[in-house]
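Written below as structure tokens is the structure these notes are about.
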Amino acid sequence: MGLEQEIKQGKQFDSEYEKLIVNLIFTNSWLSEQQLKTFKPFGITAPQYNVLRILRGQYPEPCTVNAIIDRMLDRMSNASRIVDRLETKGLVERKVCKTDRRAKDVVITESGLTLLERVDEASTIWINRFKGITHDRVEATNKLLDDLRTA
């Protein structure tokens, strides 16, 4: 189904550029809904998943909250609160920073690593739904999205 039908647009877009922007916003919302459905059974949100993946990439080394913020996909997320919630769930722990005793390092726990393995299985199933799109079109789309951010 095309964008116009999805959003029940009665008139045409003023330009293909306008349609592209609306399509990106609409598709982002759709992807977020799909992620919510994927992560909900595991009791985590997409930003929490993002933080866990960042920490897994650093493991066994710790990571500062500022480093997490720099690497997050959604820069508007409150990384400190996300870490607090993950710590409450036992998925991460804070430790005193070895180089700055006033700062706290964050490290993923074994429970966090185990949860990520389970989430990765569900995520792989979800990502595999897109395998019907040819590799060339996926590469071209990735290139286009990179170009959009540098325009």
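Couple of notes before you dig in:
- GNM result for the chain, Cα springs below 10 Å: residue of S15, S77, S29 fluctuating most strongly: S15
- Here's how it looks for K104: its modeled amide H is under 5 Å from those of C97, which are all 5 or more places away or on a different chain.
- Kyte-Doolittle mean at least -0.5, axial Cα span of 20 Å or more - DSSP H helices of the chain: 16-39, 110-128
- Extended-chain gain in nm, criterion 0.36 nm per residue less alpha-carbon gap, R81 and T141: 18.3 nm
- If only the Cβ of Lys and Arg carry +1 and only the Cβ of Asp and Glu carry -1, the dipole of the chain around its Cα centre is close to 540 debye.
- Over all Cα atoms in region 13-128, the spread is summed up by Rg and Dmax: 16.7, 57 Å.
- Chain lengthening between E61 and Q34 when straightened (0.36 nm per residue, less Cα-Cα): 6.6 nm
- Sorting Y59, Y17 by the number of Cβ atoms found within 10 Å of their own Cβ, with the fewest placed first, yields Y17, Y59.
- Within a Gaussian network of the chain (alpha carbon springs, distance under 10 Å), most fluctuating of F26, F39, F130: F130
- Computed over the chain with a Gaussian network model linking Cα atoms closer than 10 Å, the most mobile of V51, V106, V22 is V22.
- Projected label distance in nm at T88 and I127, using a 7 Å step from Cα toward the beta-carbon: 3.0 nm
Values quoted throughout were computed directly from the atomic coordinates according to the rules given, and no laboratory measurement underlies them. The model shown is predicted, which means the values in this text are computed figures rather than measured ones. FYI the Cβ positions are ideal-geometry reconstructions off the backbone, even for glycines, and counts take in every protein chain you see.
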